[in-house]
1. Can you work out ³J(HN,Hα) from phi for every residue in region 144-159, in order, using Karplus 6.51 cos²θ - 1.76 cosθ + 1.60 and θ = phi - 60°, giving whole Hz and x for Gly and Pro?
2. What residues qualify as long-range amide H neighbours of residue 15, i.e. H under 5 Å apart, gap of 5 or more or another chain, H built at 1.01 Å from N?
3. Quick one: accessible area per residue over region 159-317, 1.4 Å probe, rounded to a whole number of Å²?
4. Scan around residue 50 for amide H atoms under 5 Å from its own, H built in the peptide plane at 1.01 Å from N, and keep only partners 5 or more places away or cross-chain.
5. Roughly what % of DSSP beta bridges within the chain run antiparallel, to the nearest 5?
6. Across every pair of different alpha-carbon atoms, what Kirkwood hydrodynamic radius in Å does the chain reach?
7. Within 10 Å, count the other beta carbons around each residue, average over each peptide in 33-40, 264-271, and list them highest first.
8. Measuring with a 1.4 Å probe in the full set of protein chains, what accessible area per residue, in whole Å², belongs to region 31-156?
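The values are calculated or read from the model by the stated rules, or taken from the named source; none is laboratory data. This is a predicted model, so every value here is computed, not measured. When we count neighbours, we look across all protein chains shown, and the Cβ atoms used for this are built from the backbone with ideal geometry, even at glycine. To get the accessible areas, we keep the full protein, side chains included, count just its heavy atoms, and leave off ligands, DNA and RNA. Shrake-Rupley method; radii C 1.70, N 1.55, O 1.52, S 1.80 Å.
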Amino acid sequence: MNSVLSVVKKLSIMNEFDLIRKIASKIRTSPRVKVGIGDDCAVLKDTKDTYLLFAQDTIVEDVHFRLNSITYEEIGWKALACNMSDIASMGGWSLSATISMGVPRHVSARSLIKIYDGLMKLAKRFDVDLVGGDTVRSPKKLFVSVSILGRVEKKCLVLRKGAKVGDAVLCTGSLGGSFYGKHKRFTPRQSEARFLVKNFNIHSMIDISDGLVGDLGHMLVSSGCQAVLFERTIPISRELKRKKSLSGKKINRALYDGEDYELLFCIASEDVRVLLNRAKKQGIPISHIGTISKKGKGVILKTLDGRLVRLPVRAFTHNLIS
Ligand code: ADP
Ligand code: MG
């Protein structure tokens with residue numbers, strides 16, 4: 001750990017992703033690990049036909065939520081939901097979770113119980129066991145950190161890498177709604193992910209937590225490809241559509257706002273029609289929003305008037321100041 005900190009100190013400012021890359025370059029794993037740092041979950045050997053999925057996500061007061069605009073129940077729900085979303089993005093289902101809480105003085109024991117009400121509501125809905133955790137004092141801010149274990153059949157595992165030139169880019173649901181409250185009460189797309197991986201050959205998948213362009217960027221870096229997004233078909237959330245004052249900027253919100261927690265995935269273009277038809281019959285909203293255009297890197301937007309505009313690939317990131 002000391003050596004990692006010394007790397008961080010060399011830079012006056014370093015973002016989350018640079019730090020993760022530095023950490024990953026120092027870590028060697030055993031043959032028990034099929035995929036380590038760098039995807040939505042770690043993939044660990046399990047039975048002959050399955051892998052275990054293992055992930056952790058943390059939400060922090062004044063970074064991921066503000067106490068004056070979220071209920072304690074919603075905090076619990078969100079803490080588990082964003083972890084379940086990572087398990088879903090690998091094609092798997094969640095099994096069990098542990099919960100660690102950092103508790104500042106301004107949060108009462110009653111409020112903590114409400115956090116558990118939210119956690120339990122979601123856990124019950126998806127048959128996830130809450131099996132432990134840790135509780136510590138935090139000097140200023142509340143945080144909730146969840147570790148989650150899931151499982152996936154080997155044949156259903158989907159990674160961030162695997163997108164191929166010519167593939168279609170699709171996403172579930174609608175985008176740009178997190179600012180209007182979706183990030184507090186989204187349903188992790190586990191059922192949708194299972195529908196996709198059981199019925200289709202999904203080449204690559206990620207959940208949209210850092211924004212459409214940011215997470216597409218992660219997928220493209222892993223796959224070594226460039227993509228074109230179609231402005232015409234990007235599904236803008238109903239809440240965002242209703243806002244009159246934002247007319248020109250709505251597409252930017254859908255492209256860059258974090259915490260939509262939809263699935264973004266690639267399939268062979270010849271599978272698109274069948275997939276959209278079957279998804280429609282199942283009541284699963286899915287949009288065909290782009291194409292993997294060539295090897296290389298970056299994201300291009302095909303605008304409503306047909307221009308091709310290179311988009312800055314930036315993801316929501318936590319700047320870590322040393
Ligand atoms: P997501 O947005 O899907 O939760 P993150 O951007 O948080 O993914 O993390 C990307 C990858 O980096 C994951 O594989 C995660 O396990 C890993 N990672 C993040 N932070 C750390 C850390 N402090 N130490 C080791 N691995 C980390
Ligand atoms: Mg993720």
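1. Per residue, the Karplus-derived 3J(HN,Hα) values read 10, 10, 10, 9, 9, 10, x, 9, 8, 5, 3, 6, 9, 4, 10, 9 Hz.
2. Close amide H contacts, sequence-distant or interchain: 320.
3. Result: 46 Å² per residue.
4. Correct list: 154.
5. 75
6. Result for the chain stands at 20.4 Å.
7. 264-271, 33-40
8. Per-residue accessible area for region 31-156 comes out at 49 Å².
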